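The values are calculated or read from the model by the stated rules, or taken from the named source; none is laboratory data. These figures come from a predicted structure and were not determined experimentally. Here the Cβ is made from the backbone with ideal geometry for all residues, glycine too, and neighbour counts use every protein chain on show. Ligands, DNA and RNA are stripped out before the accessible areas are found, and what is left, the full protein with its side chains, is counted by its heavy atoms. Shrake-Rupley method; radii C 1.70, N 1.55, O 1.52, S 1.80 Å.
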Amino acid sequence: RGSTLTVPPQQGRTVLITGGNSGLGLASARHLAAAGANLILACRNPAKAEAAAAALRSKFPGVSIAVEQLDLADLSSVRACASRLNDRQQRIDVLMNNAGVMATDRGRTADGFETQFGTNHLGHFALTGLLLPLLVGNPDGARVVTVSSMGHRPGVMNLRDPHFERRRYRRWGAYFQSKLANLLFTAELSRRLEGAKSSVTA
(Lines give C-alpha, C1' and ligand atoms only; values in the text may rest on other atoms or scores of the structure.)
Protein backbone atom coordinates (compact mmCIF):
# COMPACT_ATOMS: atom_id res chain seq x y z
CA ARG A 1 0.00 0.00 0.00
CA GLY A 2 1.44 3.38 -0.98
CA SER A 3 1.43 6.48 1.15
CA THR A 4 2.52 10.09 0.82
CA LEU A 5 5.73 9.01 2.58
CA THR A 6 6.76 7.18 -0.59
CA VAL A 7 6.31 10.29 -2.77
CA PRO A 8 9.39 12.53 -2.84
CA PRO A 9 8.89 16.30 -2.52
CA GLN A 10 7.14 17.74 -5.57
CA GLN A 11 7.23 21.47 -4.83
CA GLY A 12 7.49 23.55 -7.98
CA ARG A 13 6.53 20.64 -10.25
CA THR A 14 3.41 20.52 -12.41
CA VAL A 15 1.59 17.22 -12.98
CA LEU A 16 -1.14 16.80 -15.58
CA ILE A 17 -3.49 13.90 -14.82
CA THR A 18 -6.10 12.79 -17.32
CA GLY A 19 -9.23 11.63 -15.53
CA GLY A 20 -7.96 13.23 -12.33
CA ASN A 21 -11.44 13.73 -10.86
CA SER A 22 -12.13 10.12 -9.84
CA GLY A 23 -10.66 6.70 -9.14
CA LEU A 24 -6.92 6.20 -9.48
CA GLY A 25 -6.54 9.64 -11.01
CA LEU A 26 -8.04 11.37 -7.98
CA ALA A 27 -6.07 9.17 -5.57
CA SER A 28 -2.87 10.10 -7.42
CA ALA A 29 -3.86 13.77 -7.34
CA ARG A 30 -4.29 13.64 -3.55
CA HIS A 31 -0.87 12.05 -2.97
CA LEU A 32 0.90 14.40 -5.37
CA ALA A 33 -0.80 17.49 -3.93
CA ALA A 34 0.18 16.35 -0.44
CA ALA A 35 3.78 16.21 -1.70
CA GLY A 36 3.47 19.79 -3.00
CA ALA A 37 2.83 19.29 -6.72
CA ASN A 38 0.75 21.72 -8.73
CA LEU A 39 -1.96 19.85 -10.62
CA ILE A 40 -3.84 20.06 -13.89
CA LEU A 41 -6.90 17.82 -13.95
CA ALA A 42 -7.75 17.12 -17.59
CA CYS A 43 -11.22 15.61 -17.56
CA ARG A 44 -14.21 14.96 -19.79
CA ASN A 45 -16.77 16.42 -17.37
CA PRO A 46 -15.76 19.95 -16.27
CA ALA A 47 -18.36 20.12 -13.49
CA LYS A 48 -17.12 16.92 -11.83
CA ALA A 49 -13.53 18.03 -12.33
CA GLU A 50 -14.19 21.42 -10.71
CA ALA A 51 -15.83 19.70 -7.73
CA ALA A 52 -12.80 17.45 -7.29
CA ALA A 53 -10.45 20.42 -7.69
CA ALA A 54 -12.36 22.42 -5.07
CA ALA A 55 -12.09 19.56 -2.58
CA LEU A 56 -8.36 19.25 -3.25
CA ARG A 57 -7.81 23.00 -2.91
CA SER A 58 -9.54 23.04 0.49
CA LYS A 59 -7.30 20.23 1.73
CA PHE A 60 -4.08 21.44 0.09
CA PRO A 61 -4.29 25.26 -0.06
CA GLY A 62 -0.60 25.65 -0.84
CA VAL A 63 -0.74 24.14 -4.32
CA SER A 64 -2.24 25.28 -7.61
CA ILE A 65 -4.98 23.05 -9.03
CA ALA A 66 -6.36 23.83 -12.48
CA VAL A 67 -8.98 22.11 -14.62
CA GLU A 68 -8.84 21.48 -18.37
CA GLN A 69 -11.67 20.03 -20.44
CA LEU A 70 -10.51 16.93 -22.32
CA ASP A 71 -12.51 14.24 -24.09
CA LEU A 72 -10.08 11.54 -25.18
CA ALA A 73 -12.76 10.02 -27.42
CA ASP A 74 -12.73 13.15 -29.60
CA LEU A 75 -9.44 14.13 -31.23
CA SER A 76 -10.66 17.68 -31.80
CA SER A 77 -10.99 17.98 -28.01
CA VAL A 78 -7.51 16.50 -27.56
CA ARG A 79 -6.06 19.03 -30.02
CA ALA A 80 -7.89 21.93 -28.38
CA CYS A 81 -6.71 20.93 -24.90
CA ALA A 82 -3.10 20.52 -26.04
CA SER A 83 -3.22 23.85 -27.85
CA ARG A 84 -4.42 25.65 -24.72
CA LEU A 85 -1.75 24.00 -22.60
CA ASN A 86 1.06 24.73 -25.06
CA ASP A 87 -0.02 28.39 -25.14
CA ARG A 88 -0.56 28.77 -21.41
CA GLN A 89 1.84 26.45 -19.60
CA GLN A 90 5.52 27.15 -19.12
CA ARG A 91 6.24 23.59 -18.10
CA ILE A 92 4.80 20.16 -17.48
CA ASP A 93 6.94 17.88 -15.35
CA VAL A 94 4.74 14.79 -15.40
CA LEU A 95 2.06 13.76 -17.88
CA MET A 96 -0.03 11.00 -16.31
CA ASN A 97 -2.11 9.26 -18.97
CA ASN A 98 -4.65 7.76 -16.61
CA ALA A 99 -8.21 8.22 -17.89
CA GLY A 100 -9.98 5.37 -19.58
CA VAL A 101 -13.06 3.26 -20.11
CA MET A 102 -13.46 -0.43 -19.36
CA ALA A 103 -15.50 -3.24 -20.93
CA THR A 104 -17.96 -0.96 -22.68
CA ASP A 105 -20.60 -2.00 -25.18
CA ARG A 106 -19.60 -1.73 -28.83
CA GLY A 107 -19.24 1.91 -29.77
CA ARG A 108 -17.27 4.44 -31.75
CA THR A 109 -15.36 7.56 -30.84
CA ALA A 110 -16.10 10.86 -32.55
CA ASP A 111 -13.45 9.93 -35.11
CA GLY A 112 -14.83 6.46 -35.81
CA PHE A 113 -12.43 4.35 -33.73
CA GLU A 114 -13.54 1.50 -31.48
CA THR A 115 -14.37 3.21 -28.18
CA GLN A 116 -11.91 1.52 -25.85
CA PHE A 117 -8.95 1.49 -28.23
CA GLY A 118 -9.73 5.05 -29.30
CA THR A 119 -10.11 6.40 -25.76
CA ASN A 120 -7.57 4.42 -23.77
CA HIS A 121 -4.80 4.35 -26.36
CA LEU A 122 -5.26 6.66 -29.35
CA GLY A 123 -6.47 9.64 -27.33
CA HIS A 124 -3.47 9.45 -25.02
CA PHE A 125 -1.12 8.76 -27.94
CA ALA A 126 -2.28 11.99 -29.58
CA LEU A 127 -2.19 14.01 -26.35
CA THR A 128 1.36 12.89 -25.57
CA GLY A 129 2.59 13.76 -29.04
CA LEU A 130 0.94 17.18 -28.99
CA LEU A 131 2.41 17.99 -25.57
CA LEU A 132 5.95 16.89 -26.43
CA PRO A 133 7.12 20.50 -26.91
CA LEU A 134 6.30 21.22 -23.26
CA LEU A 135 7.85 17.98 -22.08
CA VAL A 136 11.02 18.14 -24.17
CA GLY A 137 11.44 21.81 -23.33
CA ASN A 138 11.53 21.12 -19.60
CA PRO A 139 15.10 21.85 -18.47
CA ASP A 140 14.77 19.55 -15.46
CA GLY A 141 13.53 16.57 -17.45
CA ALA A 142 9.93 15.41 -17.67
CA ARG A 143 8.16 12.07 -17.36
CA VAL A 144 5.29 10.40 -19.20
CA VAL A 145 3.38 7.85 -17.12
CA THR A 146 0.78 5.76 -18.95
CA VAL A 147 -1.47 3.67 -16.73
CA SER A 148 -2.22 0.14 -17.88
CA SER A 149 -3.66 -2.82 -15.97
CA MET A 150 -3.22 -6.54 -15.47
CA GLY A 151 -5.62 -6.78 -18.39
CA HIS A 152 -2.67 -6.44 -20.76
CA ARG A 153 -1.70 -10.06 -20.02
CA PRO A 154 -4.54 -11.69 -21.99
CA GLY A 155 -4.47 -8.82 -24.48
CA VAL A 156 -3.81 -9.49 -28.16
CA MET A 157 -2.97 -6.75 -30.65
CA ASN A 158 -4.83 -7.33 -33.88
CA LEU A 159 -3.22 -4.74 -36.13
CA ARG A 160 -5.27 -5.88 -39.10
CA ASP A 161 -8.52 -5.21 -37.27
CA PRO A 162 -7.91 -3.08 -34.16
CA HIS A 163 -11.44 -1.64 -34.27
CA PHE A 164 -13.33 -4.95 -34.49
CA GLU A 165 -14.74 -4.21 -37.93
CA ARG A 166 -14.23 -7.72 -39.32
CA ARG A 167 -14.54 -9.85 -36.20
CA ARG A 168 -17.00 -10.31 -33.41
CA TYR A 169 -16.78 -7.55 -30.82
CA ARG A 170 -15.88 -8.71 -27.32
CA ARG A 171 -15.93 -6.00 -24.68
CA TRP A 172 -13.21 -7.55 -22.54
CA GLY A 173 -11.10 -8.46 -25.53
CA ALA A 174 -11.27 -4.86 -26.71
CA TYR A 175 -10.33 -3.61 -23.25
CA PHE A 176 -7.41 -6.02 -22.95
CA GLN A 177 -6.15 -4.93 -26.38
CA SER A 178 -6.27 -1.27 -25.35
CA LYS A 179 -4.28 -1.97 -22.18
CA LEU A 180 -1.66 -3.90 -24.12
CA ALA A 181 -1.48 -0.97 -26.54
CA ASN A 182 -0.74 1.33 -23.57
CA LEU A 183 2.30 -0.76 -22.67
CA LEU A 184 3.56 -1.13 -26.23
CA PHE A 185 3.22 2.62 -26.71
CA THR A 186 5.19 3.31 -23.54
CA ALA A 187 7.96 0.89 -24.49
CA GLU A 188 8.34 2.39 -27.96
CA LEU A 189 8.14 5.97 -26.67
CA SER A 190 10.86 5.15 -24.15
CA ARG A 191 13.03 3.61 -26.87
CA ARG A 192 12.68 6.65 -29.11
CA LEU A 193 13.31 9.14 -26.30
CA GLU A 194 16.46 7.28 -25.28
CA GLY A 195 17.59 7.14 -28.90
CA ALA A 196 17.15 10.90 -29.20
CA LYS A 197 19.06 11.36 -25.91
CA SER A 198 16.05 13.21 -24.57
CA SER A 199 15.72 14.16 -20.90
CA VAL A 200 12.11 12.95 -21.03
CA THR A 201 11.45 9.47 -19.65
CA ALA A 202 8.47 7.21 -20.24
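Per-structure values
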read-out: Candidates Ala54, Ala34, filtered to the one that is more than 28 Å from Gly137 (Cβ to Cβ) and more than 19 Å from the chain's Cα centre (by Cα); value: Ala54
read-out: Counted residues, the range 19-60 - those being outside any helix (DSSP H, G or I) and either in contact with a strand residue (DSSP E or B) (Cβ under 8 Å, 6 or more places away or on another chain) or crowded, with 22+ Cβ neighbours inside 10 Å (or both); value: 11
read-out: Where a residue in the range 167-186 is free of Cβ contacts under 8 Å to residues at least 12 places away in the same chain and closer than 13 Å to Asn97 by Cβ and its partner, wherever it lies, is open to solvent by less than 30 Å² (accessible area, probe 1.4 Å) and of a type in the set (Asp, Glu), with Cβ under 6 Å and at least six apart; value: none
read-out: Residue match in the range 83-98 (condition: open to solvent by 60 Å² or more (accessible area, probe 1.4 Å), at pLDDT 95 or above, assigned to a loop (DSSP other than H, G, I, E, B) and of a type in the set (D, E, K, R)); value: no
read-out: Selection count, the range 160-193, where residues are more than 21 Å from Leu72 (Cβ to Cβ) and in a loop (DSSP other than H, G, I, E, B); value: 6
read-out: Pair list, Cβ < 9 Å and 6+ apart or interchain, from the range 115-143 residues that are free of Cβ contacts under 8 Å to residues at least 24 places away in the same chain and over 23 Å from Ser178 (Cβ atoms) to residues that are surrounded by fewer than 24 Cβ atoms within 10 Å (Cβ to Cβ) and of a type in the set (Phe, Trp, Tyr); value: none
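Here is a yes/no grid of residues against (1) at pLDDT 95 or above; (2) surrounded by 20 or more Cβ atoms within 10 Å (Cβ to Cβ):
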residue	(1), (2)
Glu114	yes, yes
Ser149	no, no
Arg153	no, no
Arg170	yes, no
Tyr175	yes, yes
